[in-house]
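Step one of this worksheet: look at the structure below.
The values are calculated or read from the model by the stated rules, or taken from the named source; none is laboratory data. Every value quoted in this text rests on a predicted model; they were computed, and no experiment measured them. All Cβ positions, glycine included, derive from the backbone under ideal geometry; neighbour counts span all protein chains shown. Surface accessibility is based on the protein's heavy atoms, side chains included, excluding ligands, DNA and RNA. Shrake-Rupley method; radii C 1.70, N 1.55, O 1.52, S 1.80 Å.
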Amino acid sequence: MIKNKNLDKLDSDKEAKVLAQHIRMSVLKARRVIDQIRGRSYEETLMILELMPYRASYPILKLVYSAAANASNNMGLNEADLFISKAEVNGGAIMKKLRPRARGRSYMIKKTTCHIKIVLKEKSKI
């Protein structure tokens, strides 16, 4: 069966995307938080992120707020009907600097960054 790409775009729901690049945290620490909110509704996600004890939850909370604001203002979607359809964390650039050590040696300090992408969609009313 051959699908028409134009018809698929008409059937697909509107989605609000937000991407934050070069967030100064480890990929694994951010994924630990993202895995908890993937597939949940917008209100449930806000409650979970506000009560999580991890430092990574604050930038992710700001991203979810931003994506919901994009959905309501730019696309006219209702925030109560939104859910997180896609959430992913990818590795970013690694900042490196040298720390002097004993006997003239140096030690590499690696500061990792990550890119966080969140996509909100509207629940279908079936």
Total charge dipole magnitude, segment 13-52, about the Cα centre, Cβ charges on Lys, Arg, Asp, Glu only, Debye to nearest 20: 300
Pseudo-spin-label distance Leu28 to Lys14, built 7 Å along Cα→Cβ, given in nm, is 4.1
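Would you calculate a helix-derived [θ] at 222 nm for the chain, using -39,500 (n - 2.57) for each DSSP H run of n ≥ 4 and dividing by the full residue count, to the nearest 500?
Details: 4 runs with 46 residues, N = 126.
The per-residue figure over the chain is -11000 deg cm²/dmol.
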Say we join alpha carbon atoms closer than 10 Å with springs in a Gaussian network model of the chain; which of Ser57, Ser41, Ser106 then has the biggest fluctuation? Ser106
By how many degrees, 0 to 90 and rounded to 10, does the Cα axis of helix 27-37 deviate from the longest principal axis of the chain? 30
In segment 33-126, the chymotrypsin sites (Phe, Trp or Tyr not before Pro) that fall in loop regions by DSSP, at most 16 other Cβ within 10 Å: Tyr54
Share of the chain's accessible area from carbon and sulfur, percent, 1.4 Å? 50
For the chain, which span is the longest to avoid every loop-located (per DSSP) member of trypsin sites (Lys or Arg not before Pro) having at most 12 other Cβ atoms inside 10 Å? 56-100
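For the chain, count all C-alpha to C-alpha pairs, find those more than 17 Å apart, and express that count as a whole percent of the total. Walk me through the numbers on the way to the answer.
Numbers: 4959 of 7875 pairs.
So the pairs more than 17 Å apart make up 63 percent of the total in the chain.
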Using amide H atoms built 1.01 Å from N in the peptide plane, name the residues 5+ places from Arg40, or on other chains, whose amide H lies under 5 Å from its own. Ile84
